[in-house]
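In what follows, a single structure is set out as C-alpha cells and then discussed.
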Amino acid sequence: MARKVAAEAAVVATNPRYPLACLLLALISGSLWAAVLPADRADVMYHSYDGGGVKIDGPAVLVRKSVTDDVSVSAQYYVDEISGASIDVQVNASEYAEERTQYDIGADYLLNKTIISVGYSNSSENDYEADTYSLGISQDFFGDLSTLSLSYAIGNDTVGKSTDPTFEEDKRTQSYQFSWTQVMTKNLLMNFIYHAITDEGYLNNPYRTYRYVDGSGASYLTEKYPETRTSHAFAVRGRYYMPYRAAFGFEYRRFNDTWGINAYNMDLGYTHPINDHWIIDVHYRYYSQNEADFYSDLFPTADFQNYMARDKELSTYTNNTIGFKVSYEIDTGWSHDWLEKASVSLAWDMMSLEYENFRDARQTNRTPGTESLYSLDADVIRFFISAWF
Amino acid sequence: MPSLHSNKWFQALPLGGLLLLLALGGCSPIQPWVKPYERNNLADPIMQFSMDPVESGYMHHVYQAREAARGAEGGGGGGCGCN
C-alpha cells in the first residue's frame with residue numbers, strides 16, 4: 001500500500017511544476033529506520049577559563065538516563081565562579097557578578113523514526129536571571145541516511161545591576177534552528193545547520209561604557225545599544241573516517257547580524273585512538289569578525305550618534321585556538337551490570353585574541369586613541385570523568 | 001576583514017543548493033546508497049560530531065562569551081541565553 005502511494009506521489013513529484021511536492025517526497029521517501037535515543041551516561045567536569053586577567057572556573061554535572069524504552073531524560077548542573085578583573089573592570093572600576101549557576105532539564109520522546117525533545121534552562125546570577133524553554137523535533141528518513149531537525153527556543157531574561165537595586169530591564173530571545181545530517185558515503189558524515197536568533201529588549205551590559213574625547217583626555221558614559229538584534233548563522237561540518245581507525249573533522253560557519261557584524265570561523269580536527277584505551281584529539285580553530293556599526297574605541301563627542309558601544313566583543317578581531325584532548329577509556333565488560341564503560345578526559349585549548357581597533361585604555365599616560373592595541377591569551381581547561389550505564 | 005562582507009546571493013547559495021539537491025532527490029528513484037552493513041565506520045564513537053556533550057556545550061559557552069557570533073553550533077550546544 002505504501003509503495004502504491006509512493007508511486008502515485010512520484011507521478012506528481014516528477015512533474016517539474018511541483019517542486020514543493022518533489023521536496024516533500026524527498027523528505028518522506030526511502031525505507032525508514034528507527035531513530036535512537038542518546039546513550040545513558042553521566043559526566044562530572046571541572047572547567048576553567050583563565051585569560052585577560054579573569055579566571056572563571058567551577059563544576060558541571062550532566063546525567064542522562066532512559067526511563068522507559070521510548071523516553072530519555074537529562075539534567076545538568078553548572079557553575080561559573082568568577083575571580084580577577086578584566087580590562088573592562090580595570091578601566092571602569094565596575095563590579096561584575098561573581099557566580100553564575102545554571103540548571104538544565106530535558107526529555108526526549110522516541111516515536112518510530114521521530115524524536116521529540118523539550119527542555120528548560122535557568123541561569124542565575126545576583127544581577128541576571130535567564131529562563132529558556134525549548135522544543136525540537138528530529139526525523140530520520142531515507143534509509144536512516146538523513147536526519148532533519150527543527151528546534152525553537154524562547155528565553156526571558158531579567159537584567160539587573162548590583163550597584164543599583166532599582167535597576168531592572170527585560171530581554172526576550174527567540175531561536176529557530178534547522179539542521180540536516182547526511183550520510184554521504186560509508187566514511188563521510190555531513191551536517192548543515194541554519195540558525196536564526198532574535199533579541200528584543202535591553203541588550204546592553206549595564207556596566208560597560210563607551211569613551212569619547214573630552215578636552216585633551218577622554219571620559220566614559222554608559223553604552224547605548226539598539227533594542228533589537230537578529231542574527232543568522234550557517235554552518236557546514238563533516239567527519240571523515242580515515243583508511244585506518246581515526247577521524248578527520250572540519251567545520252565552516254558564517255554569521256551576520258543586524259548590527260553589521262559579519263564573522264566566520266573554521267575548525268580542523270583529528271581524532272586518533274591508540275589501542276582500546278586511549279583517544280587523542282587535536283584541533284585548530286580560526287575565528288574572524290568585523291565591528292558592529294555603532295562600535296568605536298573612541299567617539300569624537302559624548303552624543304556623537306544614537307547608539308554607541310565600546311564592547312571589545314563588538315570590535316574587529318581574530319581568535320586563533322589550538323586544542324588538545326586525551327581520554328582514557330575502560331570497558332568494564334559488565335554489560336549486564338550497572339556500569340558498561342567509563343573514561344577520564346583532559347582537554348586544553350589555548351586561545352589568542354588579537355583586537356584590531358580596541359585599545360588598551362589602562363595606558364593613561366598616552367593620549368587617548370594612541371594606546372597600543374589590546375590582545376589576550378586564554379587557557380581553557382576541562383577535566384571530566386564519564387560513565388556509561 | 002572587510003572582504004567577507006556580505007553578498008546576499010553568495011550567502012544564500014549553500015542553502016539553496018542543498019534544497020535543490022533535496023528536491024531533485026525526490027524526483028528521481030535514488031535509493032539509500034550506504035547499506036546498513038556498510039555503516040561500521042560511521043557507527044564508531046570517534047565519528048560523533050559531539051563525543052562529550054558536557055564538554056562541547058561548555059566550549060560553545062566560552063566562544064559565545066568571547067565572540068559576537070552565535071548559533072549553528074551543532075549538537076551539545078545551546079548556551080544559556082545569558083550575556
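What follows is calculated from the coordinates using simple rules that are stated; it is not laboratory data. Quantities reported herein were computed from a predicted structural model and do not represent experimental measurements. A quick note on method: Cβ atoms are made from the backbone with ideal geometry, for glycine too, and the neighbour counts reach across all protein chains shown.
Descriptive notes on the structure:
- Estimated distance in nm for a label pair at A:Val73 and A:Asp164, the labels positioned 7 Å out from Cα along Cα-to-Cβ: 4.2 nm
- Listed values for region A:35-44 are Karplus-derived 3J(HN,Hα) couplings in whole Hz (6.51 cos²θ - 1.76 cosθ + 1.60, θ = phi - 60°), namely 6, 10, 6, x, 5, 6, 7, 10, 10, 10, and x replaces Gly and Pro.
- The sum of -39500 (n - 2.57) across all DSSP H runs of n ≥ 4, divided by the residue count of chain A, sets its helix-only mean residue ellipticity at 222 nm to -2000 deg cm²/dmol.
- With the biggest extent put first, the Cα atoms of region A:43-128 measure 57, 23, 20 Å across the principal axes.
- For A:184-190, mean number of other protein chain Cβ atoms within 10 Å: 5
- Between A:Tyr46 and A:Leu346, the simple spin-label model (points 7 angstrom out along Cα→Cβ) gives 1.1 nm.
- Hz values of 3J(HN,Hα) by residue in region A:174-190 - Karplus curve (6.51, -1.76, 1.60), Gly and Pro given as x: 10, 10, 10, 10, 10, 10, 10, 10, 9, 6, 8, 9, 6, 10, 10, 10, 10
- Which of A:Val36, A:Val236 has the fewest Cβ neighbours within 10 Å, and the rest in rising order: A:Val36, A:Val236
- Between 0 and 90°, nearest 10: helix A:19-28 axis offset from chain A longest Cα axis: 70 degrees
- For chain A, the longest principal axis of the C-alpha atoms and the axis of helix A:2-13 are separated by about 50°.
- 3J(HN,Hα) from dihedral phi, region A:245-258, Karplus parametrisation 6.51/-1.76/1.60, rounded to Hz, x for glycine, proline: 6, 6, 10, 10, x, 9, 8, 9, 9, 10, 9, 8, 9, 6
- Taken over the C-alpha atoms, region A:35-388 has Rg and Dmax values of 22.8, 77 angstrom.
- For the set A:Lys171/A:Lys325; A:Lys161/A:Lys224; A:Lys55/A:Lys161; A:Lys325/B:Lys35; A:Lys113/A:Lys325; A:Lys55/A:Lys341, the pairs lying more than 27 angstrom apart at their alpha carbons are A:Lys171/A:Lys325; A:Lys325/B:Lys35; A:Lys113/A:Lys325; A:Lys55/A:Lys341.
- On a per residue basis, the convex hull of the C-alpha atoms belonging to region A:319-362 measures out at 113 Å³.
- Per-residue mean of C-beta atoms belonging to partner chains within 10 Å, peptide A:170-180: 3
- 18 Å cut-off, amide nitrogen to a point 7 angstrom out along A:Thr332 Cα→Cβ, residues in region A:241-277: A:277
- Stokes-Einstein D (µm²/s) once Rh is taken as the Kirkwood radius of region A:25-181 over alpha-carbon pairs, at 4 °C in 1.567 mPa s: 70 µm²/s
- Dipole of chain A [Lys/Arg +1, Asp/Glu -1 at C-beta], most positive-end residue of A:Val380, A:Tyr77, A:Leu145: A:Leu145
- Length released on extending from A:Ser86 to A:Gln363, taking residue separation times 0.36 nm less the Cα-Cα span: 98.3 nm
- Hull-based mean projected area of region A:185-275, where the convex hull spans the alpha carbons, in square nanometres: 10.4 nm²
- Per-selection Kirkwood Rh - region A:143-220 (Cα, Å, 1 d.p.): 16.9 Å
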